[in-house]
Structure formats: structure tokens, C-alpha cells
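Encoded as C-alpha cells, the structure appears first; notes follow it.
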Amino acid sequence: MLDKGKRLARPRSIAAYVRLFLTGCAMGAADLVPGVSGGTMAFVLGVYQDLLDGIRAVNLEALRLLLRLRLGELERLVPLRFLLALVLGMFAAAFTLAGFLSDTLEDTDGRIYLFAFFFGLVLASIVAVGAQLQRTFSTLLVMVGGALLAFVVVNLVPARTEPNSLNLFLASMVAICAMILPGISGSFILLILGQYDHVLRAVSERDLGTLITVGVGAIVGIAIFARLLGWLLRHRPQMTIAALVGFMIGSLWKIWPWKSCIASDLDRHGEFRCLQESNLAPQAETLLPALLLLLTGFAAVTLFSRYARRAEAEPAA
């Protein structure tokens, strides 16, 4: 997966554009749920290295060409069509699903079923990505370290910070880095930094001022982080994949469906906000539908990952 991504960076058929758009939709939907990473979807669906390479290609020269509207030269430097198809899918998912996911997360049973589905997605992603690992002591050690780090992160208590421009900018810089890491949820980082509710509401209400601030912070953060991650995947692929698998394993604690709130407060609107949760044993009345949704998520990623591997193996058109 990591060495064959260049072909998809230049989609040449309607099917390729549709596949990238749907991949973007999957990434956008995952990023809206605290504890689930869009990077996981990109990794298992076969576009992760392409995504990093595309982001790394955006530099000052690319911006100069864009400002001069020299799009032909820009396309040779940056995989515009690849990135545009993904980004459109992500925005489509964000704007169509933000309200639904927000309401679902507030409903007790709905939250259980949603997290069960994503638990299946992440579990299948661990299996699919872990299959690429060489079983050595060093990769096992790095994987365990990644799992422990993710476990610590997902158990941090959310901070209380005002949603001013500076806090939103800084939070989005950090969150976008997590968003492209499989297993580390950008939306959960926003939750830890006290900005998740505000950003989700801004998406639902089309608050352009907030969205622009978040977008600029995300661009700055991803421009820096994608270069580092891309270098690691090229020069230390096994260690990097081991760490990413570890992050996904550690994140499973956060998206376990059955939970109890053990610490809470009121947000700035006076609404209830859970700060810390503990995991519970499955409840009989929700077990069967949750299990079915978990298996559905697992099967979906398994089928998509097999399709992505077949697509990679096909010769470029």
C-alpha cells in the first residue's frame, strides 16, 4: 500500500474519482466522531501515502502558481484532482452528517450503536493494516508504545477554554495533525482542548468566521506535520506502521460503545457535558443491534480494503 500510492494521485477515470470522493466521505464522517480518525479510513482504503505526498507537494511555489491562476503548471506540481476529490468528499460528509451525528451522540442508545459501528471499523483496520507488519521484537515494542500513548491521550480530561480565534486556531493546528494519524482522533483532540462543541455547532450552523479560523489553523498544522510523517513512512515504514497500528489499538478504549459518565460539568451554554467516562460491560437490551452494527463496520472495512488492494494491483490506465 505504501509504495504503490502514486497511481491514485492522478485519477484518470470516473470510477477513480467516485472512489476518492467516497473515501473522502468516509474520512469526513469518521473525523466527526470523537475517538475515530479519518486517517484510519485513508490508511485502510489505500490513499494514505498519496494524501501525505499531495499535502507535502503544496509549497510556496504551488501557492505562487495558484495566485497567478497557472493551473496547468500547478497540476504538474500538486495532485489537484486527487486532493479535490478527497476534500469534496470530506466536506460533503461534514455538512450533511454533522447535525445527524451531533443528535445521535446525544441519544444514549444512538451513541452506543454509532460507536459499535465505528468500533468494528477500527478493529478491521487494525487487522488490515497490521497484516503489513513484519513480526519483530522492535515492531512489537513500538506498537505497544503507540497503544499506551493513545490510551493516555484518549483518557485525558477535556479542558475548559474559551472559543476565541487564537484558541480555535491553535486547537485546529493540533487536531489536524491527529486527524491524519490512524487511531488518534482529531475531533477528540478538539474535545480535550475544549473546542469540539463549538466547531461542530459552527459546521451545523455554517458559521463562516469560525470555519475560516479553523481552516487556516488546520492548513498550517498539516503543512508541517505531513512532511514529518511522510518522511517517516518513506525511511522507517515498519516502525511507523507499527506505531500507527498501536494508536488504533489504544483508541479502541475510547470508542467502546457502553460507557458511564463519572465526571461532568456544564458548558458555556449551560448544557451538560461529560468530562470523563468509564467503560461498562455490554447491556443486554442493546447488545444484539450493537453487535450487528459492529460486524457491519468490520465487514465494510474488510471489503473496502480488499477492493483497494485490487485497485492498486491493476495497471494504470
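Take residue 197 and decide whether it is touching a strand residue (DSSP E or B) at 6+ places or on another chain (Cβ under 9 Å) and either more than 24 Å from residue 123 (Cβ to Cβ) or touching a residue at least 40 places away in the same chain (Cβ under 8 Å) (or both). Judged against the criteria, residue 197 is a match. Annotation: residue 53 fulfils all but one of (1) farther than 21 Å from residue 119 by Cβ; (2) of a type in the set (Asp, Glu); (3) at pLDDT below 80; the unmet one is (3).
If the condition is being loosely packed, with under 15 Cβ neighbours inside 10 Å and either among the polar types (S, T, N, Q) or under 20 Å from the mean Cα position of the chain (by Cα) (or both), then the stretch 67-102 contributes 91, 95, 96, 99, 100. Can you tell me how many residues in the stretch 104-120 are at pLDDT below 80 and of a type in the set (Asp, Glu)? The number of residues fulfilling the criteria is 1. It is to be established whether one or more residues within the stretch 43-53 are among the small types (Gly, Ala, Ser) and assigned to a helix (DSSP H, G or I). No, because not a single residue in the stretch 43-53 is among the small types (Gly, Ala, Ser) and assigned to a helix (DSSP H, G or I).
Here the condition is being in contact with a helix residue (DSSP H, G or I) (Cβ under 6 Å, 6 or more places away or on another chain), hydroxyl-bearing (Ser, Thr, Tyr) and either modelled with pLDDT under 85 or in a helix (DSSP H, G or I) (or both); of 172, 138, it holds for 172 alone. Any residue that is within 16 Å of residue 118 (Cα to Cα), hydroxyl-bearing (Ser, Thr, Tyr) and at pLDDT below 85 - is there at least one of those in the stretch 295-304? Looking for residues that are within 16 Å of residue 118 (Cα to Cα), hydroxyl-bearing (Ser, Thr, Tyr) and at pLDDT below 85, one finds at least one in the stretch 295-304, hence yes. In the stretch 175-212, the residue that is modelled with the highest pLDDT out of those that are of a type in the set (Ser, Thr, Tyr) and outside any loop (DSSP other than H, G, I, E, B) is 210.
Quick one: would you say residue 93 is modelled with pLDDT of 80 or more, of a type in the set (Gly, Ala, Ser) and under 28 Å from residue 204 (Cβ atoms)? Yes. Among the residues of the stretch 57-94, just one is in contact (Cβ under 8 Å) with a residue 40 or more places away in the chain, outside any helix (DSSP H, G or I) and not hydrophobic (A, V, I, L, M, F, W, C), namely 79. When you look at residue 136, is it in contact with a Gly (Cβ under 7 Å, 6 or more places away or on another chain), polar (S, T, N, Q) and on the phi < 0 side of the Ramachandran plot, yes or no? When the stated conditions are applied, residue 136 does not pass them.
Is at least one residue of the stretch 100-110 assigned to a helix (DSSP H, G or I), among the β-branched types (Val, Ile, Thr) and either free of Cβ contacts under 8 Å to residues at least 12 places away in the same chain or touching a Phe, Trp or Tyr at 6+ places or on another chain (Cβ under 8 Å) (or both)? Yes, the stretch 100-110 contains at least one residue that is assigned to a helix (DSSP H, G or I), among the β-branched types (Val, Ile, Thr) and either free of Cβ contacts under 8 Å to residues at least 12 places away in the same chain or touching a Phe, Trp or Tyr at 6+ places or on another chain (Cβ under 8 Å) (or both).
Is one or more of the residues making up the stretch 65-81 out of contact with any strand residue (DSSP E or B) (no Cβ under 8 Å at 6 or more places or on another chain) and at positive phi? Yes, the stretch 65-81 has at least one match. Can residue 243 be described as out of contact with any Pro (no Cβ under 6 Å at 6 or more places or on another chain), surrounded by 20 or more Cβ atoms within 10 Å (Cβ to Cβ) and modelled with pLDDT of 75 or more? Judged against the criteria, residue 243 is a match.
You will find that of 84, 101, 60, the residue that is modelled with pLDDT of 80 or more and at negative phi is 84 and no other.
The values are calculated or read from the model by the stated rules, or taken from the named source; none is laboratory data. All of these numbers come straight from a predicted model, not from anything done at the bench. Positions of Cβ are backbone-derived with ideal geometry, glycine not excepted, and every protein chain shown enters the neighbour counts.
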